Amino acid sequence: MTAGGPSIQDDPQWWRQAVVYQIYPRSFADANGDGVGDLPGILARVGHLRELGVDAVWLSPFYPSALADGGYDVDDYRDVDPRLGTLADADALFSALHANGIRVIVDLVPNHTSNRHAWFRAAIAAGRDSPERARYIFRDGRGAAGELPPNDWPSHFGASAWSRIVEPDGVLGQWYLHLFAPEQPDLNWDHPDVHADFENTIRFWADRGVDGFRVDVAHALKKDLSEPYRDEVTIGVMDEYPLDGSHPLIDRDDVHEIYRSWRKVFDEYSPPRVAVAEATVPAPRRALYATEEELGQAFNFDLLEAPWDARRFRSIIQENLSISADTGSSSTWTLSNHDVVRHATRYGLPRGTDLDAWLLTDGATPPLDRERGLRRARAAVLLLLALPGSTYLYQGEELGLHEVADLPREVLQDPIWKRDGGSRKGRDGCRVPLPWAPDGPSFGFGAKAPHLPQPSWFGSVAVEGQRGDASSTLQLYRAAIRERRALLAPERLDWLPGDDSVLAFERPGGWMSVTNFGQEPIALPPGRLVLSSVDLEGELLPGDATAWLVREQG
Ligand code: NOJ
């Protein structure tokens, strides 16, 4: 315990309205000066997280990995990548976070291992029809010599979802399924070893004090590989997924058996370990992963995908609050993560901009209105933090960071760039290492040049510069997270009247949040001003802004 600092209470419901901060470890802070962020780097920056006031951090994978997909290609689920530290460093980090009142969520990647995982190496070495191969999804190819993939299923990152291996005798042989990169072979979740091993992994981290798990691609673990294979399978287009569990690869009903058994493991601990599903399926289906008998919570990416539009925001909020009330879960809200263009940037581009096409122009066309994007991002986060449920923040958004859209092609790391034939630049622009200081070789990230180059404008938004500036985005986040504590229970909101471009609601206790999505100033309801995303003049709220107020009693 830090003297006088916050403590972690054993509240089993802590996750329901938590502010969770996502750390992408390789790009957060680099303690050993090799250009890659690491666990001791995070440890050295725990003060930043404490000052921000977050309830938990979610650490994206820090496990051994060849980084074919930013660490989501895991070689060993129960170890730390030597470039990022050791298990002792992980323990030290968890203790320091806990001592500062911050819980820890780690990433679990159960759909696929990496191709360097001991099981996959053994599967290749053991040959066809071996028990080792049965832990993955191997099939013979079509064509006279098996030279064609078993079917035409596409992978998320472009090209086929099947790759062919060289058999131990040196000839080309079977094909294996990978919904993502070829370096990410899909596991066979009909195999008991796979179930047992993941329960071991959950216990391994839970025993080390980890409070929860973020479950990668939670909707894809179970597959129907019966023949004839279904063709015209769409992958990655959520709107085209059926709502009845009939897709051969995505959101099948039997996937829920896995999470019901994990729940039993989570409940062995006190307080029970928590989990959040990354299930990119339509909202009503997503709710199935979030029940109390399963993972408890599921990411809601609806706002992250929505344009800056009051009516759209309102219907998403309404739908998600009602779904979570039905399942006993709490809603989750998020605007950015390591997979999408940062929201300050999205909101600064004309509505409907094709973000992949925009990135291919290095952010030149259409031009980005940086100021407008940031102004809307500040308004949006106040709106989010006033909602019932938990909010997931992505590292750097507290600085108002924009996407780094002009990364040179030769530095890109994302498999999307490589596999999609250069037709999409991918996700590196939101993964550029954070600026901590206004100058220096990596703006305080570490001693050396970072693994992705930072643009010169990073200096002007660095943590150090924003710390003492009352009008900075960092200070807005700190104040909002602090003030929000008064809002937490009960998890309810009542809409207040307003025109189509205004979203106003009241929380129990007389807290009001008013967001003006339009351009014309609007009159604020009477009340004491708590916080606003822009400076206010009088009782008017200008466009692209949010204000929090409390009704004055009597
Ligand atoms: C979702 C993760 O967020 C993403 O970064 C990753 O590429 C895929 N799952 C595959 O693991």
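Each reported figure results from applying straightforward, stated rules to the coordinates on display, with no laboratory input. In this text, all values refer to a predicted model and were calculated from it rather than measured experimentally. Positions of Cβ are backbone-derived with ideal geometry, glycine not excepted, and every protein chain shown enters the neighbour counts.
Of the three principal axes defined by the Cα atoms of the stretch 1-87, the extents in descending order read 39, 27, 19 Å.
At a Förster distance of 60 Å, what's the computed FRET efficiency of Asp10 paired with Asp152, Cβ-Cβ distance as r, to 0.05? That gives a FRET efficiency of 0.70.
State the extension gain, in nm to one decimal, for the chain segment bounded by Ala44 and Glu464, taking 0.36 nm per residue of separation less the distance between their alpha-carbons.
Residue separation times 0.36 nm, minus the Cα-Cα distance, leaves 149.7 nm.
Separation of the stretch 73-102 from the stretch 262-320 is 26 Å, based on Cα centroids. What the Kirkwood sum gives for the stretch 443-516 is a hydrodynamic radius of 15.8 Å, with every pair of different alpha carbons counted. Rounded to the nearest whole angstrom, the semi-axes of the ellipsoid equivalent to the stretch 29-134, taken from the Cα gyration tensor as √(5λ), stand at 32, 14, 10, largest first.
With a Förster radius of 25 Å applied to the beta-carbon distance between Asp76 and His191, the computed FRET efficiency rounds to 0.85. Take the Cβ atoms of Lys448 and Ser226, set R0 to 35 Å, and the FRET efficiency comes out at 0.10. Would you please classify the overall shape of the stretch 133-288 from the alpha carbon gyration tensor, given that a ≥ b ≥ c denote the square roots of the eigenvalues, rounded means a/c under 1.5, and beyond that prolate means a/b larger than b/c while oblate covers the rest? Oblate, since a/c reaches 1.5 and b/c is not below a/b. Each residue, Arg351 and Ala144, gets one label point 7 Å from its Cα in the Cβ direction; the gap between the two is 5.8 nm. Ellipsoid semi-axes for the stretch 399-554, based on the Cα gyration tensor and the rule √(5λ), read 39, 20, 15 Å when sorted largest first. The helix-only estimate of mean residue ellipticity at 222 nm for the chain, built from DSSP H runs of length n ≥ 4 each weighted as -39500 (n - 2.57), is -7000 deg cm²/dmol after division by the residue total. Candidate cross-link partners of Lys222 among the lysines, defined by an alpha-carbon separation under 23 Å and a same-chain spacing of 8 or more, comprise Lys264.
DSSP assigns beta bridges within the chain; of those with both partners inside it, close to 55 percent run antiparallel.
Close amide H contacts of Glu403 (hydrogens built in the peptide plane, cut-off under 5 Å, sequence separation of 5 or more or a different chain): Arg342, Thr345. Taken as Cα centroids, the stretch 324-386 and the stretch 204-247 sit 25 Å apart, rounded to the nearest whole angstrom. Legend: P(r) of the chain from all alpha carbon pair distances, 10 Å bins from 0, whole percents, reading 3, 17, 28, 28, 16, 5, 1, 0, 0. Restricted to Cα atoms, the stretch 185-251 shows a radius of gyration and a Dmax of 15.2, 46 angstrom.
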